[in-house]
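Reading through the structure tokens given below for one structure.
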């Protein structure tokens, strides 16, 4: 499958019920003979933050619940946050670019905050990282076949401790952008 058809889109991976989504992992990325640049997730973090802000502004403008809209505006959008670098980490407000890597460099854990934000985790051996296609993954059949490891089952990042839409949006966007950069790097 051509790279431009393999890349993930937000429309294919919607956030349902404010916090529910899944990000599929192409089975080829689990091959330990493939080496993935371990810096990709951190390098794209500032770009993800910028995209997240734009997406949240658009989402908030359409929010019908005035209390929720006001909360998003006052807590997340009041002033543009800047990326602050400390040692090996980057911070966006209270969120951090905390990642865990597999032996081949694939990110197996994205976390923005243990206490307020959430994380995405992958462990090939657990059932919560294996998913059926619907309703979270809206791939056309050809793309679905490319990602599945068995009939209509996908390896996915499993969301954990995501309490609200802004955190879900950031993590979803980060994982999508990360996967697309990995596909480009490996020329899958």
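The values are calculated or read from the model by the stated rules, or taken from the named source; none is laboratory data. The shown structure was predicted, so the numbers you read here are calculated from the model rather than taken from an experiment. Cβ coordinates were reconstructed from backbone atoms using ideal geometry, including for glycine residues, and neighbour counts include every protein chain displayed.
Couple of notes before you dig in:
- Qualifying residue in the range 131-143 (condition: in contact (Cβ under 8 Å) with a residue 24 or more places away in the chain and over 18 Å from the mean Cα position of the chain (by Cα)): yes
- Total residues in the range 161-172, condition surrounded by fewer than 22 Cβ atoms within 10 Å (Cβ to Cβ) and in a helix (DSSP H, G or I): 1
- Whichever residue in the range 21-42 is over 13 Å from residue 188 (Cα atoms) and in contact with a helix residue (DSSP H, G or I) (Cβ under 8 Å, 6 or more places away or on another chain) and, among such residues, is surrounded by the fewest Cβ atoms within 10 Å (Cβ to Cβ): 37
- Any hit, the range 49-64, residues being more than 22 Å from residue 129 (Cβ to Cβ), surrounded by fewer than 16 Cβ atoms within 10 Å (Cβ to Cβ), in contact (Cβ under 8 Å) with a residue 24 or more places away in the chain and in contact with a strand residue (DSSP E or B) (Cβ under 9 Å, 6 or more places away or on another chain): no
- Output for the range 144-169, where each listed residue is closer than 30 Å to residue 65 by Cβ and in contact with a strand residue (DSSP E or B) (Cβ under 8 Å, 6 or more places away or on another chain): 156, 157, 158, 159, 160, 161, 162, 163, 167, 168
- Top-ranked residue in the range 115-127 [being in contact with a strand residue (DSSP E or B) (Cβ under 9 Å, 6 or more places away or on another chain), modelled with pLDDT of 85 or more and not in a strand (DSSP E or B); ranked as surrounded by the fewest Cβ atoms within 10 Å (Cβ to Cβ)]: 126
- Among residues of the range 162-176 that are more than 10 Å from residue 112 (Cα to Cα), those with a Cβ under 7 angstrom from a residue that is part of a helix (DSSP H, G or I) and modelled with pLDDT under 95, sequence gap 6+ or separate chain, pair up as 166/72; 166/76.
- The listed residue being within 24 Å of residue 179 (Cα to Cα) and either at pLDDT 95 or above or out of contact with any strand residue (DSSP E or B) (no Cβ under 6 Å at 6 or more places or on another chain) (or both), out of 42, 69: 42
- Checklist (1) surrounded by 14 or more Cβ atoms within 10 Å (Cβ to Cβ); (2) over 13 Å from the mean Cα position of the chain (by Cα); (3) at pLDDT below 95 applied to residue 158, failing item: (2)
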